[in-house]
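Undergrad: Dropping a structure here in structure tokens format, bear with me for questions.
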Amino acid sequence: MISIASLSLMLLSGAPAPQAAPAKQEPMKCEHGDAAQAPAKLEGTFAKGDKVPAEGTVAVKDLLAAPEKHAGKVVVVQGAVRQVCQKMGCWMELAESKDAKGPGVRVMFKGFVVPKDSAGASARLLGTVKIADLSEETAKHYASEGASVARGADGKAREVQLVATGIELRR
């Protein structure tokens, strides 16, 4: 452990400050804050965050067919909103259509939330793709909010996620 005095001496002498170990990357968490932040209703068009470019769109079915191809990349994804967090609007599931069965893409938002009645809307999003193994606690949390949680052949909860920095929703 380094004391404040020894850290001050190192900084004054020009020695590099000790670096903390890099944090282990965890899957995205659903953190509910003030529910009053959630927009009341989706009427017509809803846009938040960064502007979503018109070109270079990846369809949800293509993203789900080859998620490794897009992992870590910023993409524009288009699909239908299948479900939304009913506590806060802090996540949604994006699928090929609102009635599509099977896995979807879990979308978490950076700096905003969406209307809780957005299910059924068409969506275009700008964000970074992740492939995440979920803890049982996280999988149960999502399921308690009405989400469909995909499982791999090994039984572990695993999903394709998108950290969205921009969104456009339309009814």
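Undergrad: Which of the residues that make up the range 42-56 are within 19 Å of residue 114 (Cβ to Cβ) and not basic (Lys, Arg)?
TA: Looking only at the range 42-56, we keep the residues that are within 19 Å of residue 114 (Cβ to Cβ), and these are 42-52.
Hits for the range 42-56 are 42, 43, 44, 45, 46, 47, 49, 50, 52.
Undergrad: Considering each residue of the range 148-162, count those that are of a type in the set (A, V, I, L, M), farther than 12 Å from residue 93 by Cα and assigned to a loop (DSSP other than H, G, I, E, B), and give that number.
TA: Going through the range 148-162 one residue at a time, the tally reaches 1.
Undergrad: Give me the residue from the range 42-57 that is among the hydrophobic types (A, V, I, L, M, F, W, C) and in a loop (DSSP other than H, G, I, E, B) and, out of that set, nearest to residue 98 (Cα to Cα).
TA: Checking each candidate, the answer is 42.
Undergrad: Cβ-Cβ under 6 Å, sequence separation 6+ or interchain: first residue in the range 85-106 and at negative phi, partner surrounded by fewer than 16 Cβ atoms within 10 Å (Cβ to Cβ) and outside any loop (DSSP other than H, G, I, E, B). Which pairs?
TA: Correct list of pairs: 88/35; 96/61.
Undergrad: I'm told residue 134 meets every condition in (1) closer than 15 Å to residue 170 by Cα; (2) surrounded by 17 or more Cβ atoms within 10 Å (Cβ to Cβ) except one. Can you identify the failing condition by its number?
TA: (1)
Undergrad: While we're looking at this one, here's another question. Of the conditions (1) under 14 Å from residue 77 (Cα atoms); (2) of a type in the set (Ser, Thr, Tyr); (3) in contact with a Pro (Cβ under 9 Å, 6 or more places away or on another chain), residue 165 satisfies every one except a single condition; which number is it?
TA: (3)
Undergrad: Which number in (1) modelled with pLDDT under 95; (2) crowded, with 17+ Cβ neighbours inside 10 Å marks the one condition that residue 107 misses?
TA: Residue 107 satisfies all of (1) modelled with pLDDT under 95; (2) crowded, with 17+ Cβ neighbours inside 10 Å except (1).
Undergrad: How many residues, within the range 62-80, are modelled with pLDDT under 95 and loosely packed, with under 14 Cβ neighbours inside 10 Å?
TA: So the answer is 3.
Undergrad: If you don't mind, another one. What are the residue pairs meeting all of these: first residue in the range 128-149, first residue under 22 Å from residue 167 (Cα atoms), second residue assigned to a helix (DSSP H, G or I) and at pLDDT 90 or above, Cβ atoms under 6 Å, and 6 or more apart or on different chains?
TA: The qualifying pairs are 129/70; 131/67.
Undergrad: Just to verify a result, which residue in the range 137-171, among those that are surrounded by fewer than 17 Cβ atoms within 10 Å (Cβ to Cβ) and hydroxyl-bearing (Ser, Thr, Tyr), is farthest from residue 67 (Cα to Cα)?
TA: So the residue we want is 144.
The values are calculated or read from the model by the stated rules, or taken from the named source; none is laboratory data. For clarity, every value in this text was computed on a predicted model and none was experimentally measured. A quick note on method: Cβ atoms are made from the backbone with ideal geometry, for glycine too, and the neighbour counts reach across all protein chains shown.
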